[in-house]
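The next block holds one structure in the form of structure tokens; read it before the comments.
Laboratory data are not the source of any read-out in this text; all were calculated from the coordinates shown. Note that the structure is a prediction, hence the values are computed from the model and not measured. Note that each Cβ is placed from the backbone with ideal geometry, even for glycine, and that neighbours are counted across all protein chains shown.
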Amino acid sequence: DAKTTQPTSMDCAEGRAANLPCNHSTISGNEYVYWYRQIHSQGPQYIIHGLKNNETNEMASLIITEDRKSSTLILPHATLRDTAVYYCIVRGSSPFAGNNRKLIWGLGTSLAVNP
Amino acid sequence: DTAVSQTPKYLVTQMGNDKSIKCEQNLGHDTMYWYKQDSKKFLKIMFSYNNKELIINETVPNRFSPKSPDKAHLNLHINSLELGDSAVYFCASSFSTGSSYEQYFGPGTRLTVT
């Protein structure tokens with residue numbers, strides 16, 4: 001039931017930017033785009049989220065298209081430690097209203113950063 | 001200074017046994033969650049508590065019973081364990097108010113039922 005579509009896997013050279021795409025064509029006006037990642041054998045880790053403006057933090061940048069139907073997570077200088085599965089999730093503004101109450105996880109994109 | 005901790009990290013047990021997994025968070029969050037990640041790597045929510053009140057209860061066998069003694073703790077008890085219960089169980093926590101609700105996850109408990 002995931003509301004997002006991501007490529008199954010991607011490769012990136014160490015030190016280069018990793019651009020991970022996500023399609024969320026059915027996103028509604030009050031839904032945010034969240035990105036998490038899961039490094040092998042660890043718990044998922046929050047990366048960034050946004051509504052319609054581009055966002056940047058110490059981990060990554062999030063670029064959301066003007067129509068909000070897709071977004072791209074950018075890791076500006078990928079390192080070997082960024083090898084992980086990256087999940088793109090959409091959810092509403094309140095975690096306890098209707099279907100916003102839970103995150104729907106897909107299979108994500110498995111990113112391999114190569115030396 | 002671990003944010004979300006779970007015990008035990010590994011749990012190997014036989015079918016029919018009863019076991020518990022414990023979770024604690026020191027982030028001051030008011031909401032906690034239990035997730036199950038199966039062998040295909042799908043992460044599915046099982047339960048969520050907000051201020052010790054059960055707010056999400058997915059289609060989970062009633063052999064699974066969560067308990068939240070206070071806002072910082074959420075335990076999961078499993079009765080009559082079955083082979084299909086083998087998975088990694090993750091605890092998570094978050095705020096329920098404010099501008100964002102990012103969840104912070106524990107390291108997981110790998111349960112193997114033999």
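The table that follows gives values for the structure above.
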read-out	value
Normalised contact order of chain B, rounded percent, pairs of Cα under 8 Å and 6 or more residues apart	36
Proximal charge balance of residue B:13 [Cβ under 15 Å; K/R count +1, D/E count -1]	+1
Highest-fluctuation residue, A:17, A:60, A:78 considered, GNM on chain A with Cα pairs under 10 Å	A:17
Order of B:59, A:65, A:83, B:13 under a 10 Å beta carbon neighbour criterion, fewest first	B:59, A:65, B:13, A:83
Radius ratio Rg over Rh of the protein assembly as shown, counting only Cα atoms, Kirkwood formula for Rh	0.97
Exceeding the 22 Å Cα-Cα cut-off - candidates A:52/B:52; A:69/B:40; A:52/B:41; A:3/B:67; B:9/B:41; A:69/B:36	A:52/B:52; A:69/B:40; A:52/B:41; A:3/B:67; A:69/B:36
Relative contact order of chain A, pairs being alpha-carbon contacts under 8 Å that are 6 or more residues apart, as %	36
Listed residues B:86, B:48, B:96, most fluctuating in chain B (Gaussian network, C-alpha, under 10 Å)	B:96
Gaussian network model of chain A, Cα within-10 Å springs - most flexible of A:34, A:46, A:87	A:46
Linear extension gain, residue A:112 paired with residue A:39, 0.36 nm per residue minus alpha-carbon span	25.2 nm
Length released on extending from residue B:17 to residue B:72, taking residue separation times 0.36 nm less the Cα-Cα span	17.1 nm
Sites residue A:77 and residue B:42 - FRET efficiency at Förster radius 22 Å, r taken between beta-carbons, to 0.05	0.10
GluC sites (Glu not before Pro) within region A:1-73, DSSP loop, no more than 10 other Cβ atoms inside 10 Å	A:58, A:66
Label-reachable residues, region B:12-29, where backbone N falls under 11 Å from a point 7 Å from residue B:114's Cα toward its Cβ	B:12-15
